[in-house]
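Quick notes on the structure that follows.
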Protein chains: 4
Amino acid sequence: MTGTVFGSPWLQGLLSDAEIAARLGPDAQMHDMLRVEAAYARAKAAVGQVPEEIAGDAAKAILAFTPDLNLLAATALRDGMPVPGLVAQLRAALPEALHGAVHGGLTSQDVMDTALVLALRDVCDLLEARLGAVITALKGLSERFGAAQMMGMTRMQPALPITVGDRLRGWQGPLPRHLGRLTELRPRLLRLQLGGPVGTGSTLGGQRDAIAAHMAAALDLAAPDSAWHVERDALVEFGGWLAMLTGSLGKVGQDVALMAQSGPQVLRLASGGASSAMAHKTNPIDAEMLVTLARFNAAQLTGLTGTLLHEQERSGAAWTLEWMLLPQMMLATGAALSAAGRMVSAIESIGTTRA
Amino acid sequence: MTGTVFGSPWLQGLLSDAEIAARLGPDAQMHDMLRVEAAYARAKAAVGQVPEEIAGDAAKAILAFTPDLNLLAATALRDGMPVPGLVAQLRAALPEALHGAVHGGLTSQDVMDTALVLALRDVCDLLEARLGAVITALKGLSERFGAAQMMGMTRMQPALPITVGDRLRGWQGPLPRHLGRLTELRPRLLRLQLGGPVGTGSTLGGQRDAIAAHMAAALDLAAPDSAWHVERDALVEFGGWLAMLTGSLGKVGQDVALMAQSGPQVLRLASGGASSAMAHKTNPIDAEMLVTLARFNAAQLTGLTGTLLHEQERSGAAWTLEWMLLPQMMLATGAALSAAGRMVSAIESIGTTRA
Amino acid sequence: MTGTVFGSPWLQGLLSDAEIAARLGPDAQMHDMLRVEAAYARAKAAVGQVPEEIAGDAAKAILAFTPDLNLLAATALRDGMPVPGLVAQLRAALPEALHGAVHGGLTSQDVMDTALVLALRDVCDLLEARLGAVITALKGLSERFGAAQMMGMTRMQPALPITVGDRLRGWQGPLPRHLGRLTELRPRLLRLQLGGPVGTGSTLGGQRDAIAAHMAAALDLAAPDSAWHVERDALVEFGGWLAMLTGSLGKVGQDVALMAQSGPQVLRLASGGASSAMAHKTNPIDAEMLVTLARFNAAQLTGLTGTLLHEQERSGAAWTLEWMLLPQMMLATGAALSAAGRMVSAIESIGTTRA
Amino acid sequence: MTGTVFGSPWLQGLLSDAEIAARLGPDAQMHDMLRVEAAYARAKAAVGQVPEEIAGDAAKAILAFTPDLNLLAATALRDGMPVPGLVAQLRAALPEALHGAVHGGLTSQDVMDTALVLALRDVCDLLEARLGAVITALKGLSERFGAAQMMGMTRMQPALPITVGDRLRGWQGPLPRHLGRLTELRPRLLRLQLGGPVGTGSTLGGQRDAIAAHMAAALDLAAPDSAWHVERDALVEFGGWLAMLTGSLGKVGQDVALMAQSGPQVLRLASGGASSAMAHKTNPIDAEMLVTLARFNAAQLTGLTGTLLHEQERSGAAWTLEWMLLPQMMLATGAALSAAGRMVSAIESIGTTRA
């Protein structure tokens, strides 16, 4: 029971995203953390720090491990994060002969940040595909109704007649740019984290770069020259991208809600939300949700931007705030892309045909 | 699976609040909505709109009702909220003879807002009690260590010696004021919502005020003269109060983290978070969390304040945004009060005893 | 040259407030700081720390002093605030015999915070009067058009007919509550600041409370028992009040803009902004500005709330952020109240008369 | 008199930026608007819509024009922007024979957005140069002190020894990425705006693209295929960049303030702010300002992101909000880069030399 809309049986379909929630949820997150630990074990073997067989056995055992969640919750409450408790459970479960390949030399942040990046990669792919679908849907809408007439509105007043295509151009314009921005930011974002306790790699036996190269290859990530423990700019940039995308979709939703208010001659939705009291209404729910989700993400972004003030070699305060904000921004963005898709599909007509 | 920290098995103990989450969770929320519907049925009887027996049977059936959540999710996705689907399920489940006492005349917002207020009342009580406990704990801390010496720090530089009590005065000062503010805002917040489809009471058979009085008495809420569908100021005020409270606690957390950095002569914590890599560390996790939660709520508040722009007779966009933001602010505040309590308890010493 | 709208010759009339800008501007701010220094000199005499005559002469000289602004700017750049440089200039200008009555024992924050509070008192009065005028104007609007008919709109869709008075009730409802909140917060806000370097009063010769009482009487402020250097909750509460007020006015502006879009049958404005290209338009500028200013203040509020994390005995970072945010929130609120007044005056009709 | 820090004689040196303020101030802004009008006159001639000589004379007269600012303020208050009033003044001042080359076909937004972009180009150059200087300064710092020892701090606790260079790596890392991002966003940002009243180019005599090409060449901007009146993504992206940059510098400031607290063995500043009460102090003012300015920009960004919801063909509300937020973000960023430069120069030592 979470008490938030993201956990509400009746609201999460509207305001969250099942696919992204699954990708960011505890099962996937645990699996990602274990993948990082396993990749580390194998990388240690690859650079000769532990025997191959030990590392292989450890990696398999790590990947197969299921933690005691109650215990993990208790230790996380103490430690402020799950990794120390997870590693303790791993060590308790694995034969002592394998311990040399388990975690030693890593820091919690190496594990959690790399696990996050593995999820971000999938979320980027998913959002990119969804955004592509919205672009296609808007292109279809433009093909169907682009030549129809409507009144152009400036400062919420009738201005001059335009075509529906004119208005749609303003909806479509930013979206390919958002795809371009995603392409630009991906290499800054999808990077292995490896630095050890204070980010210097000093606990990695002088082989930080070699270990990083092996792990990065195994996890299909870029391997930066040094840890980015305190350099959170790529995450904030990604959050900014999410907020820009939902903002652009919010403009579309706002426009649709405004167009739907004036009756079928401007925009007709095939269906919409029912009212408990007024049977005649067709509420433009998805259009409204686009506005809601845009404003939600804009609010989160201010907090996320503040996490750049990540003091010293690790800020528990800033790092934890990041965990609170970035996932729900991804969920809201997923929800917005879905709502946009539904909304465009539901448009039965826009504008009036030229006589 | 929510994908957010509020649903994380290993982070919700730290960043959420089990008690508040339960109070705001789907079971309680559904129960609150049904309580409102039941109170409405009985109030209709009290004013003579339906027979007492019909209303009584309907109220009992309503309170005992368990909705089909899958169906509810599907209708909420369409309607943007659960009530129309819930009412449809209720009507399908209840004998037709009782339908006259079910919902007719109400609007979804009457149900959801009043249900929210029922939860808010309990959350206010809970937060007030927790805040009282933190005030008591700080008083105890002051009694134990108030006379000890420490260096006063201004602009992060040693300034002049002060007592620990001097510093603690700055932690304690705002808290009774927050209690006072809560007392002031409660009557504005804990008010029945009743207005029907467009807030005018026009569907309530000319008996809006009498029905409101009966419902308010049954639910132990104030009954304002008119609906506050579009007047969200009390909710924003409450959100501002939450953010002020977590901000004041954030100052305490920030100070404790700064005091704990310099070794036991300034502040010693009995326990703290373990590091996966550095056994010697005692991390001031709860102090950090107070900073995190303060910044989280400050971010949410900007979005919540925007929901005052609740256009016309009902804004789906603004109302839904409120649902996204206010609950997680309550959860974060609950988490902060718990963290503050734990943190104060863990302080083993502050300052140095006067020679 | 400021480069912001608040200094723009052609935008400040719309987005700032000349009266509040003057009250917060450098001349008034300097005068307020000097008033505090003068009141302190006299209070020192009243408690016997300096001879009456010395204090009287010093106070007169202080109030008559005009600083060298270039020098002040240079020292403020170094010190992060104007007071140390101002005091140095004062001491250089005043005969040495008076120096014992100048500033010694105070800290910069005593001066700046008390000076701020003097300005806040006037701004509160001014905003209260303006808000009263808006309440009156809306009452007049309701008397003129309240009985007219219009379509109630929920979720941006026609719902059921309402009267204009029904809609106006939602505009009017929050405003008296805002007056009530202002009354509640004033005693928390309008308080003398006096604490000396680390807030303990240790430099005030054991007479902190007596000096505070004299200064408070002279400046007509409340005198709290201790300094509130690090307790910024009343300032944040006031900022929240400003944002709530502009938010409530933003709802009115949003509604007017929506009503004005559909032609004279819903709402007709006597005048509005001209377009450089479309002579037929009457743009609802003031209505739009209410939305703009509401969103502006909502953004500032997130930053202001963060200033509660005022670390240790004085946070240069948090305190300075307060200076950046709170004044422009007051200006925006003043601008919003003016825009609301203009907008209401410009309404020539709303709704349709019942046949 | 503006009443904000950006207009304060004693704070603008610290919190604003004289060079950027001049570039964004009214004189430069007026000149930029007139440059756009002049370029349009010449472009009309280039495509044959007006005689070359008429256009040339008009362009010269436009560029030489000095508006009556009082009149402009009065019309801007009515119109919500300066352009309609400015054009009216221009027409009144210029011989009627030139009127055909003045503004006709343009819309206010074409003028104001293009004028803004002209300023943004210079601000981008200026910020890039300043950022380059900070990168160089940090490189120098690293060369001087990189080998020294210091204690690595995680979660505000001593962790393991690191070198000063290790810490500095975390300061330096994001900065070249910010340069890279600026390079990426420039082509999206520095684009002519040309669309006429509703953005379709319909008032440009069928020669929108040709006119755009001429104007863009004259103003050295890119010429997009269509107007971006309602597509504000590049502006929000730029605001996000500003906030990311100040956030990265805020981390440096936070670290310096933390390092300076513990005495000269960790970090010694050559100079710092004086206290009005404590002569022994050296306050790390510039370090604190970096934190302040980072938090300021993070707050503005939430509002700016909301301006993406730019409804229909022109949103007065969203556009005006952009004017309120983006300039002060640029000023704060300029201030932060200056503060960073001063702060780095003032560092006399960091860390301890290896024995």
* Asked: Against the longest alpha carbon principal axis of chain B, how many degrees, from 0 to 90 and to the nearest 10, is the axis of helix B:52-64 turned?
  -> 40
* Asked: What's the angle, to the nearest 10 degrees (0 to 90), between helix A:316-346's Cα axis and the longest principal axis of chain A?
  -> 40
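If I take every Cα pair under 8 Å that is 6 or more residues apart in the stretch B:215-355, average their sequence separation and divide by the length, what percent do I get for the relative contact order?
35
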* Going by how many other Cβ atoms sit within 10 Å of their own, how do A:Ile347, A:Ile285, C:Ile135 line up, fewest first? -> C:Ile135, A:Ile347, A:Ile285
* Cβ-based net charge around D:Glu311, under 10 Å, with every Lys or Arg adding one and every Asp or Glu removing one -> +1
* Asked: Counting alpha carbon pairs within less than 8 Å and at least 6 residues apart, what relative contact order, in whole percent, applies to the stretch D:1-108?
  -> 23
* Chain A Cβ-axis minimum, rotational copy C, residue and distance in Å -> A:Thr302, 3
* Asked: How many Cβ atoms of partner chains, on average, are near each residue of C:234-245 if near means within 10 Å of its Cβ?
  -> 4
* Can you give me the Cα centroid spacing of the stretch D:170-226 and the stretch A:167-201 in angstrom? -> 22
* Structure fact -> Rounded to the nearest 10 degrees, the helix C:26-46 long axis (Cα) sits at an angle to the longest Cα principal axis of chain C of 40
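Suppose every Lys and Arg Cβ carries +1 and every Asp and Glu Cβ carries -1, with no other charges. What dipole size does the protein assembly as shown come out with about its Cα centre, to the nearest 20 debye?
0
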* To do: Mind sorting A:Arg23, D:Arg121 by how few other Cβ atoms lie within 10 Å of their own Cβ, fewest first?
  => D:Arg121, A:Arg23
* Cα atoms only, chain A: Rg and Dmax in Å? -> 24.3, 83
* Structure fact -> Placing +1 on each Lys and Arg Cβ and -1 on each Asp and Glu Cβ in chain C, then taking the dipole about the Cα centre, the residue among C:Leu204, C:Gly303, C:Ala243 whose Cα reaches farthest towards the positive end is C:Ala243
* In peptide B:223-232, what is the residue-averaged number of other protein chain Cβ atoms found within 10 Å of each Cβ? -> 4
* Relative contact order, percent, chain D [alpha-carbon distance under 8 Å, six or more residues apart] -> 20
* Structure fact -> Expected max-MSF residue from B:Lys139, B:Lys60, B:Lys281 in the GNM of chain B (alpha carbon, under 10 Å) is B:Lys281
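Determine the shielding of peptide D:198-206 by partner chains: average, over its residues, the number of Cβ atoms on other chains within 10 angstrom of each Cβ. Each step should come with its number before you reach the end.
Details: counts 12, 9, 9, 1, 5, 3, 0, 0, 0.
Partner Cβ neighbours, averaged per residue: 4.
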* Structure fact -> Measuring from its Cα centre, the stretch A:156-308 shows a charge dipole (+1 at each Lys and Arg Cβ, -1 at each Asp and Glu Cβ) which, in debye to the nearest 20, is 380
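Which shape class, rounded, prolate or oblate, goes with the protein assembly as shown when its Cα gyration tensor gives a ≥ b ≥ c as root eigenvalues, a/c under 1.5 marks rounded, and past that a/b bigger than b/c marks prolate? Let's see the in-between values first.
Working: a/c = 1.24, a/b = 1.12, b/c = 1.11.
Because its axes are fairly even, with a/c under 1.5, the protein assembly as shown counts as rounded.
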* On a C-alpha basis, how far is the centre of the stretch C:1-70 from the centre of the stretch A:28-61 in Å? Whole number, if you could? => 68
* Structure fact -> Listed by chain and number, the residues whose amide H is under 5 Å from that of D:Ala159, excluding neighbours fewer than 5 places away on the same chain and using placed H, are D:Gly152, D:Met153, D:Thr154
* Asked: Most mobile of D:Leu192, D:Leu98, D:Leu69 per a Gaussian network model of chain D (Cα springs, under 10 Å)?
  -> D:Leu69
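Just rank D:Arg167, D:Arg295, C:Arg268, fewest to most, by other beta-carbon atoms within 10 angstrom. Show your work: numbers first, answer last.
Numbers: D:Arg167 28, D:Arg295 33, C:Arg268 15.
In increasing order of surrounding Cβ atoms, one gets C:Arg268, D:Arg167, D:Arg295.
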* Structure fact -> Where a ≥ b ≥ c are root eigenvalues of the Cα gyration tensor, a/c under 1.5 meaning rounded, otherwise prolate if a/b exceeds b/c and oblate otherwise, the stretch B:170-282 counts as prolate
* **Gaussian network model of chain B, Cα within-10 Å springs - most flexible of B:Pro158, B:Pro95, B:Pro224** => B:Pro158
* Pairwise centroid distance, computed over Cα atoms, of the stretch D:85-123 with the stretch B:292-314, Å -> 39
* To do: Could you tell me whether the stretch C:177-237 comes out rounded, prolate or oblate from its Cα gyration tensor? Rule is a ≥ b ≥ c as square roots of the eigenvalues, rounded for a/c under 1.5, then prolate if a/b exceeds b/c, otherwise oblate.
  => oblate
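A short reminder: the numbers here are calculations on the coordinates, not readings from a lab. From a predicted model like this one, the values you see are computed outputs, not experimental measurements. Methodologically, a virtual Cβ is constructed for each residue, glycine included, from the backbone with ideal geometry; neighbour enumeration extends over all protein chains shown.
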